[in-house]
Amino acid sequence: MKPATFEYHAPTTVAEVVTTLAELGDEAKLLAGGQSLVPMLNLRLARFEHLVDIGRVPELRGIERTNGHVTIGAATRDAVIEHHATIAADAPLLAAATPYIGHFQIRNRGTIGGSLAHADPAAEYPAVAVALDATLRVASARGTRAVAAADFFTGVWSTALEPDELLTAVELPVWTRRTGVGVAEFARRHGDFAIAGAVAAVELADDRVARAAIAVFGAADVPVRASAAEHALAGQPVGTVEGVELGEVAFADVDDVVDDPQVPAAYRRRVGVAMVAEAWQRAVVQAQDGARHG
């Protein structure tokens with residue numbers, strides 16, 4: 001099928017983008033990589049009078065480490081993130097999550113800002129953002145603001161962005177101790193959206209958990225931070241943590257597990273618990289291996 005008729009806009013600066021959004025309001029939709037939006041338009045699941053393509057705005061691309069944070073422009077493509085040395089060194093959980101996004105063709109076009117703004121609850125980048133307390137930078141003709149990842153995702157395909165706002169960048173804090181990260185997800189086929197998944201990061205101090213970050217995705221309407229599990233881990237000898245028990249604690253923070261005819265809630269929860277256990281184990285092994293070779 002083909003999309004309904006729309007007017008195409010191709011601004012080249014952030015100022016032009018936000019001015020266009022202010023003028024067009026609800027009738028406009030931003031186009032980043034188009035890997036989610038274009039299929040929806042083609043299937044007539046969505047319709048907009050105007051598409052504003054941000055792919056020609058160089059201000060929205062790039063990766064930089066400053067003041068203990070990695071800042072990633074919203075239009076930076078997944079494939080760039082996947083192979084970037086700064087991401088691998090300073091935001092390893094993001095690097096570990098990227099290969100799970102679709103296939104390489106998708107990652108060649110998809111962008112981090114597009115994934116975050118699309119807010120699919122089964123997507124990997126929103127879970128990483130929530131787990132790591134990311135800050136999302138937003139601009140409009142009215143000015144700029146910062147939104148914590150915990151407040152950004154409000155429901156399925158729904159965020160705190162106003163119709164006239166543009167996501168410009170995401171900031172991730174750099175962890176500096178003995179760190180390990182892990183990602184695990186279960187899908188029917190490689191590249192499909194996850195039935196349930198988890199991301200995890202751990203910092204070790206003398207083989208005890210100094211800090212932990214865990215988030216579950218695909219199990220609820222938004223990515224869920226497993227705060228109870230993180231608090232339970234604090235100060236624990238890492239070798240005494242039992243993965244499945246940790247997964248059970250993590251799912252105590254998931255209020256309403258998604259239930260549908262294809263995947264009943266009980267099964268999704270069981271898979272999610274196993275994914276938390278697997279992601280945590282991968283993070284621990286990486287942290288311990290780094291300590292042995294550090």
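Quick one: is Ala88 in the same structural domain as Ala127 (by TED's automatic domain parsing), modelled with pLDDT of 95 or more and either crowded, with 17+ Cβ neighbours inside 10 Å or more than 24 Å from the chain's Cα centre (by Cα) (or both)?
Details: in the same structural domain as Ala127 (by TED's automatic domain parsing): yes; modelled with pLDDT of 95 or more: yes; either crowded, with 17+ Cβ neighbours inside 10 Å or more than 24 Å from the chain's Cα centre (by Cα) (or both): no.
When the stated conditions are applied, Ala88 does not pass them.
Taking segment 57-100, which residues are within 28 Å of Ala187 (Cβ to Cβ) and of a type in the set (Lys, Arg)? Correct list: Arg77 only. When you check Arg56 against the structure, is it surrounded by fewer than 19 Cβ atoms within 10 Å (Cβ to Cβ), closer than 22 Å to Thr135 by Cα and either out of contact with any Gly (no Cβ under 9 Å at 6 or more places or on another chain) or of a type in the set (Lys, Arg) (or both), yes or no? No; evaluated as a whole, the condition is false for this residue. Give the residues of segment 108-122 that are surrounded by 21 or more Cβ atoms within 10 Å (Cβ to Cβ), among the polar types (S, T, N, Q) and touching a strand residue (DSSP E or B) at 6+ places or on another chain (Cβ under 7 Å), sorted by residue number. The one that is surrounded by 21 or more Cβ atoms within 10 Å (Cβ to Cβ), among the polar types (S, T, N, Q) and touching a strand residue (DSSP E or B) at 6+ places or on another chain (Cβ under 7 Å): Thr111.
Return a yes/no flag: does segment 253-264 have any residue that is part of a loop (DSSP other than H, G, I, E, B), among the polar types (S, T, N, Q) and without any contact (Cβ under 8 Å) to a residue 12 or more places away in the chain. Yes: segment 253-264 contains one or more residues that are part of a loop (DSSP other than H, G, I, E, B), among the polar types (S, T, N, Q) and without any contact (Cβ under 8 Å) to a residue 12 or more places away in the chain. Of the strands (runs of 3 or more DSSP E) that lie entirely inside segment 108-214, those containing 3 or more residues that are at pLDDT 95 or above and under 27 Å from Thr86 (Cα atoms) span 135-140, 143-148, 166-173, 178-186, 196-205. Here segment 77-95 is the region considered, the condition is being in contact (Cβ under 8 Å) with a residue 12 or more places away in the chain and not in a helix (DSSP H, G or I), and the residue that is farthest from Gln286 (Cα to Cα) is Arg77. Only residues that are hydrophobic (A, V, I, L, M, F, W, C), closer than 22 Å to Glu162 by Cβ and not in a strand (DSSP E or B) were counted in segment 42-76, giving 7. Residue-level check: of (1) outside the structural domain of Gln281 (by TED's automatic domain parsing); (2) part of a loop (DSSP other than H, G, I, E, B); (3) closer than 21 Å to Val216 by Cβ, Thr98 misses just (2).
The values are calculated or read from the model by the stated rules, or taken from the named source; none is laboratory data. Quantities reported herein were computed from a predicted structural model and do not represent experimental measurements. Don't worry about glycine lacking a Cβ; one is built from the backbone with ideal geometry, like all the others, and counts go over all protein chains shown.
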